[in-house]
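The values are calculated or read from the model by the stated rules, or taken from the named source; none is laboratory data. As the structure is a computational prediction, the values presented were derived from the model and not from experiment. Don't worry about glycine lacking a Cβ; one is built from the backbone with ideal geometry, like all the others, and counts go over all protein chains shown.
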Amino acid sequence: MEIKTFGVIGAGQMGNGIAQIAATSGLNVIMSDIKEEFIQNGLNNIKKILTKNIEKNRITEEEKQGILQRITTSVDIKDMASADFVVEAATENERLKFNIFKELDQIMPEGAILATNTSSIPIGRIASQTKRPEKVIGMHFMNPVPVMKLVEIIKGIATSEETFNATWDLSVKFGKTPALSEDFPGFIANRILLPMINEAVYALYHGVGTKEAIDTVMKLGMNHPMGPLALADLIGLDTCLAVMETLYNGFKDSKYRPCPLLRKYVEAGWLGRKTGKGFYDYK
């Protein structure tokens, strides 16, 4: 299928990154969110990244303007009616995603593909909210989207080969490397990554080491570019908790039990970089 207009639900750190790479690839993009304030924040972030790319001689000012001109914005989800393919990049909340997909199913053309950037919620459960489960697929980008090369493609039990092939080809068009994952809680990336982060939080909780010591051991001892606690702050502690709860509820295995300290930080509103405080202070 030919994809000309690409929709993104959510203008946050993942959504605006997805919109940017889609527009950079030459597609017309509709970026939607519930408030104009969120959209402007997303656009400002795109402009900031594009300006940095000009400074590094990766693109020209003319190319920057072309990318921005291909992005239109909306606070009305009904504007997705003109999209051929949409990626939902809303908060990692199952009920919210269910409602979005029910609405998109009614709004979008019959042949349009509905993708989700969920990091852990089973695709089959999301697809069951629609009347086109064969057109629903997982397209899980990594953060920060413009930089990270991986896209996890997750087929639900009903996802058609046509939908899978179109999503795979679109990932390549975006300059990404797709990897196929089966539809289990957490998929591949977060089934491995989040328990590691959760265990790092347990190490802090039990006083095994300070946050600096834990992150230094993982950076220098395991050659990770970022320590697990700093990475949790980048991801968002609320998202980390949501993924751990999805894993725990999906497998009923105690090894996926979220650390009480992680829950305590989220309840206090210490969500990481986006709130200015998590395991580290960013204020």
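Annotations
- Among the residues making up region 268-283, a single one is surrounded by 11 or more Cβ atoms within 10 Å (Cβ to Cβ), part of a strand (DSSP E or B) and more than 18 Å from the chain's Cα centre (by Cα): LYS277.
- Contacts under 9 angstrom Cβ, first residue in region 124-137 being assigned to a strand (DSSP E or B), partner of a type in the set (Lys, Arg), 6 or more apart: ILE137/LYS155
- Of all the listed residues (PRO109, PRO146), the sole one being out of contact with any strand residue (DSSP E or B) (no Cβ under 8 Å at 6 or more places or on another chain), closer than 21 Å to LYS176 by Cβ and either aromatic (Phe, Trp, Tyr) or not assigned by TED's automatic domain parsing to the domain that holds ALA242 (or both) is PRO146.
- Identity of the residue in region 171-202, outside any helix (DSSP H, G or I) and of a type in the set (Asp, Glu), that ends up surrounded by the most Cβ atoms within 10 Å (Cβ to Cβ): ASP183
- Among the residues of region 31-39, at least one is more than 30 Å from SER181 (Cα to Cα), surrounded by 15 or more Cβ atoms within 10 Å (Cβ to Cβ) and more than 15 Å from the chain's Cα centre (by Cα).
- Selected residue (criterion: farthest from PRO146 (Cα to Cα)) from residues of region 1-32 that are in a loop (DSSP other than H, G, I, E, B) and not charged (D, E, K, R): MET1
- Check on TRP168, assigned by TED's automatic domain parsing to the domain that holds ILE113 and either in a helix (DSSP H, G or I) or of a type in the set (Phe, Trp, Tyr) (or both): yes
- Residue among VAL75, VAL86 that alone is buried (at least 19 other Cβ atoms within 10 Å of the Cβ), out of contact with any Cys (no Cβ under 8 Å at 6 or more places or on another chain), in the same structural domain as ILE21 (by TED's automatic domain parsing) and more than 16 Å from GLN13 (Cβ to Cβ): VAL86
- Hey, THR60 out of contact with any Ser or Thr (no Cβ under 9 Å at 6 or more places or on another chain), over 29 Å from MET108 (Cα atoms) and at pLDDT 95 or above or not: yes
- One residue alone among ILE59, ILE46, ILE121 is of a type outside the set (Asp, Glu), surrounded by 20 or more Cβ atoms within 10 Å (Cβ to Cβ), part of a loop (DSSP other than H, G, I, E, B) and touching a helix residue (DSSP H, G or I) at 6+ places or on another chain (Cβ under 8 Å), and that residue is ILE121.
- Per this entry, ILE121 is counted among residues that are modelled with pLDDT under 95, touching a Lys or Arg at 6+ places or on another chain (Cβ under 7 Å) and at negative phi.
- Selected residue (only one of ILE71, ILE67, ILE21 is touching a residue at least 40 places away in the same chain (Cβ under 8 Å) and within 26 Å of ASP233 (Cα to Cα)): ILE21
Table: residues versus (1) hydroxyl-bearing (Ser, Thr, Tyr); (2) in contact (Cβ under 8 Å) with a residue 40 or more places away in the chain; (3) on the phi > 0 side of the Ramachandran plot.
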| residue | (1), (2), (3) |
| --- | --- |
| ALA213 | no, no, no |
| LEU231 | no, no, no |
| MET244 | no, yes, no |
| GLY269 | no, no, yes |
| ARG273 | no, yes, no |
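- Residues in region 246-266 that are more than 15 Å from VAL201 (Cα to Cα) and in a helix (DSSP H, G or I): THR246, LEU247, TYR248, ASN249, GLY250, PHE251, SER254.
- Hey, THR239 surrounded by fewer than 17 Cβ atoms within 10 Å (Cβ to Cβ), hydroxyl-bearing (Ser, Thr, Tyr), part of a helix (DSSP H, G or I) and not assigned by TED's automatic domain parsing to the domain that holds ALA89 or not: no
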